[in-house]
Structure formats: structure tokens, C-alpha cells
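Engineer: Dropping a structure here in C-alpha cells format, bear with me for questions.
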Amino acid sequence: MSDIPYRNALIIGTGPGISASLARLLREAGLQVAIASRHPERLAPLAAETGAIALPVDASDAAQVERLFEQAEARIGAPEIVVYNASGRLRGPIAELDAAQVEQALAVSALGAFHAVQQAARRMLPAGKGAILLTGATAGVKGFALSAPFAMGKFALRGLAQSAARELTPKGIHVAHIVVDGMVRSEQRPDPADSPDSTLDPDAIARVYADLLRQHRSAWSWEIEVRPWTEKF
């Protein structure tokens, strides 16, 4: 029997890194899992491997996010865990960035997260329990050159996490912001040969998410930072 006190999870923004590892972990723990992406066909191997439900969503579209929650609810029940791992990764010099691309990146990173939190809250509040985990980045704590749109989105995500935590925690909903400080290893992004410990293991990060889900209500964490062990503090 799982020691994670929830029955199901909806993971939005599923790729080959953190989200895939978390989907595997939660399925192994016995939870029903729905995974969502703008390109659901890319989720087919993970869905076949784990038995997770693959669903389509453009997280920048509020109507699509609402429909995603309705589809997930029909397949696995009202989501008790919602993980938002989608982000717009637009990079480039500020003077040269295309305005439409900047707006799209922010729509995914910031507005998409709000839509997901809103839909989650509407379902979790009547139940008096739930968990919302928002994947942040160091760029949401300090900005970096050539990353203005990404940093803007992640700063907004942190503000959303703080506000949602203060509003929803008293109602029994655990909101946590996970600051991922560093590159996450994946099939597309393996460890550099000259520095094998410089990237983060997605399986290890997934275990951090699971530990958050196991926390007792009397001592919930609202923000944690995950970084490679070789990095200087």
C-alpha cells in the first residue's frame, strides 16, 4: 500500500525528464496518473510503459486547461495531485526578441500555471485536500542574461505559488514551489563526459516531489531548492 496519501495525479507538461520520472514513481506507488502535453503522441511510450493516461493540452489556452481537467476527471477521478511542469523556454537578446513569441512563452509559464491552479482549486476545495506542485527554476529567483522571458515566467510562477499557498493551505491544500537549480538529465540531455555530476537526476528529483506529497499537514513545505551536489553553496 502506498504511503502517499492521494489516489491520483495529473502531470501537466510531461517530457522525458522530471515529469516522466514522477509518473513512473506514482504509478509504482499505485496511483492513477494522467500525463498531459501539447504533443501527446510523444507520451505514447511512457503511457504504454506505465499505464498512465495521455491527454492533449496547450497550457497557454485556458479553455484547453479546463477541458484537460474534465477529461482527467472522467478517466481517473478529480485530480488530487496536480503537477505543473510546463514552461516557455524562449531565449535571446531583449532587443531582438519577437513580441508574439514572448507573449506565448509567458502564456505557458505564467498564465498556464494560473489556469491549472485555478482548475485544481475548484476541485480540491470541496474535498478539503489536495496537493499542487509547481516546478520553478533558479531563473525565478534571479534573472540571467538572454533569458528574460523565461525568468519573467518563473518569477510569476513563484508569486503564484506564494499566493496560492497562503490562500489554500488553511483549506487543506498543500501548495509547493520546487526550485530546480541546474540542468536535468534526460535522453536528450545526458551527463557531460567531463563532469558527470553536473546535471540533476530526474529520478532523484521525482523522489523529492514524492517526499513533499508525504509531508504531514502540520509541517508542509511551501518552497524547496534542488541542485547538483557538486555545486558550491
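Engineer: Apply the Karplus curve 6.51 cos²θ - 1.76 cosθ + 1.60, θ = phi - 60°, to the phi angles in region 118-127 and return the couplings in whole Hz, x for Gly and Pro.
Structural biologist: Calculated HN-Hα couplings, in order: 4, 5, 5, 4, 4, 9, 7, 4, x, 7 Hz.
Engineer: Rounded to the nearest 0.05, what FRET efficiency is calculated for residue 38 and residue 211 with R0 set to 25 Å and r the Cβ-Cβ distance?
Structural biologist: Efficiency, rounded to the nearest 0.05: 0.30.
Engineer: Now, a different point. Using a Gaussian network model on the chain with a 10 Å cutoff between Cα atoms, which of 68, 125, 168 fluctuates the most?
Structural biologist: Highest fluctuation among the options: 125.
Engineer: Could you work out how far apart the two model spin labels at residue 223 and residue 98 are, taking each label as a point 7 Å from the Cα in the direction of the beta carbon, and quote it in nm?
Structural biologist: 3.4
Engineer: Around residue 136, which amide H atoms from residues at least 5 apart in sequence, or from another chain, sit under 5 Å from its own amide H, with H modelled in the peptide plane?
Structural biologist: 178, 179, 180
Engineer: Spelling out what I want: for every residue of region 42-57, take phi, set θ = phi - 60°, compute 6.51 cos²θ - 1.76 cosθ + 1.60 (Karplus), and round to whole Hz; glycine and proline get x.
Structural biologist: Result, rounded to whole Hz: 6, 8, 3, x, 5, 5, 5, 5, 9, x, 5, 8, 9, 10, x, 6.
Engineer: Return the distance in nm (one decimal) between the two label points of a simple spin-label model at residue 146 and residue 91, each offset 7 Å from Cα along Cα→Cβ.
Structural biologist: 0.6
Engineer: Rounded to the nearest 500, what is the chain's calculated 222 nm mean residue ellipticity when only DSSP H runs of at least 4 contribute -39500 (n - 2.57) each, over all residues?
Structural biologist: That comes out to -12500 deg cm²/dmol.
Engineer: Assuming R0 = 22 Å, what is the FRET efficiency of residue 167 and residue 63, from their Cβ-Cβ distance, to the nearest 0.05?
Structural biologist: 0.40
Engineer: Among 156, 44, 139, which one moves the most in a GNM of the chain with springs linking Cα atoms closer than 10 Å?
Structural biologist: 44
Engineer: Calculate one ³J(HN,Hα) per residue across region 205-222 by plugging θ = phi - 60° into the Karplus curve 6.51 cos²θ - 1.76 cosθ + 1.60, and present them in order as whole Hz with x for glycine and proline.
Structural biologist: These are the phi-based 3J(HN,Hα) values: 5, 4, 5, 5, 4, 5, 4, 4, 5, 8, 4, 6, 4, 6, 8, 6, 8, 9 Hz.
Engineer: Among 223, 96, 28, which one shows the biggest mean-square fluctuation in a GNM of the chain, springs joining Cα atoms closer than 10 Å?
Structural biologist: The residue with the greatest mean-square fluctuation here is 96.
None of the figures in this text is laboratory data; all of them are computed from the coordinates on show. From a predicted model like this one, the values you see are computed outputs, not experimental measurements. Glycine also receives a Cβ, built like all others from the backbone with ideal geometry; neighbour counts cover every protein chain displayed.
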